[in-house]
Amino acid sequence: MLAVVTDSTCDLPPETARALGLRVVPLRVLLGGRTFLDWQDLDPDAVYDHQRRGGTVATAPAPQDAFEVLYRDLLATHAGVISVHLSGDLSDTVRHARAAAGALDAGERVCVIDSGLASLPLAEAAIAARDAVWRGGDAQAAQAAVRRVGEEALAEFTVPTLEYLRRGGRLSRAGELVGNALGLRPVLRFDGGRLRAVRRVKAEAALRDILAGLEERFGDQPVAVTVGHAGRDPIRLTELRAALGASRLNVARGRLQLLGPVIGAHVGPGTYGVMARPYAG
């Protein structure tokens, strides 16, 4: 059996990832002069609270040695490793994973995949790779499953401000042209491994706008839907649930995810997003 590894920007809490059969390598969060392991040492709301107070948060990729330790352990008990990671255009994490595989001289036993994604879509890609492996598939099957997620899924996020993404250089140059305006919120999606701001909508209509795009894309076909939110705001959570329930999407599987510390450092409080892809059962 192949083991499936991802990184903490999939925003699956550690206990959820374990239940799904995924191993997760954490990125680093730099806050208040200290370094924390993403999702392990720091609650996401600590980041959002810090940002609301005007504080800055930085992040660092998962280091090569963390991958070496995990790969070595997994190769002792598994036939190989499928390692699915956030876009190489957003972080050096996938480069460090490849360097670790090379340092171990693992050959084809470690397959490192740049998903071109992060957060909700990355979680879906890692789960798809796991499903392919559990069905008896090899590394090529896992790679194909990850690629299908990128092709089939539509994920859009809206942020109150582009400032956090600009600071970290995580926004495409074209996306910078779609800035903030009074009463409007930018809507973003992944394009070629980077986040791109695709339009601006009225703040109060942003969620309905995102859902309308998903309804147009998928019609009445069954879909797997994931909703991500930055911070445990009960009012926002109620709004998200109500809007999804009132939508015309044929939701066959749903998941609610909190956006984690590393992702939160780059998008800021008040961000939320919705992702859907065809559900095959």
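Read-outs throughout are calculated quantities, based only on the coordinates presented, and are distinct from any laboratory measurement. This is a predicted model, so every value here is computed, not measured.
General observations
- Degrees separating the helix 64-75 axis from the principal Cα axis of the chain, which is the longest one: 60
- In order through the stretch 265-281: 3J(HN,Hα) via Karplus (6.51 cos²θ - 1.76 cosθ + 1.60), integer Hz, x for Gly, Pro: 4, 9, 10, x, x, x, 6, 8, x, 9, 10, 9, 8, x, 9, 9, x
- For the chain, the relative contact order is 21 percent, taking Cα pairs closer than 8 Å that sit 6 or more residues apart in sequence and dividing their mean separation by the residue count.
- Within the chain, antiparallel bridges make up roughly 55 percent of the DSSP beta bridges whose residues both belong there.
- Each residue of the stretch 47-53 is assigned a 3J(HN,Hα), and the resulting list reads 5, 5, 4, 4, 5, 4, 7 Hz, derived from the Karplus form 6.51 cos²θ - 1.76 cosθ + 1.60 (θ = phi - 60°), x at Gly and Pro.
- Our summary gives the stretch 1-73 a relative contact order of 29 percent, counting only alpha carbon pairs under 8 angstrom and 6 or more residues apart.
- Taking θ as phi - 60° and the Karplus parameters 6.51, -1.76 and 1.60, the scalar couplings of the stretch 221-238 work out to 6, x, 9, 9, 10, 10, 10, x, 9, 9, x, 8, 8, x, 5, 5, 4, 4 Hz in sequence order, x denoting glycine and proline.
- Highest-fluctuation residue, Ala203, Ala139, Ala246 considered, GNM on the chain with Cα pairs under 10 Å: Ala246
- The distance linking the stretch 1-55 with the stretch 264-281 is 16 Å (Cα centroid to Cα centroid, whole angstrom).
- Shape category assigned to the stretch 183-281 from the gyration tensor of Cα positions, a/c cut at 1.5: rounded
- Remark: relative contact order (the stretch 27-139) = 22 percent; criterion is Cα-Cα distance under 8 angstrom and separation of 6 or more residues.
- Additional length obtainable on full extension of the chain from Arg255 to Arg166, 0.36 nm per residue less Cα span: 29.2 nm
- Relative to the longest principal axis of the Cα atoms of the chain, helix 120-134 runs at roughly 30 degrees.
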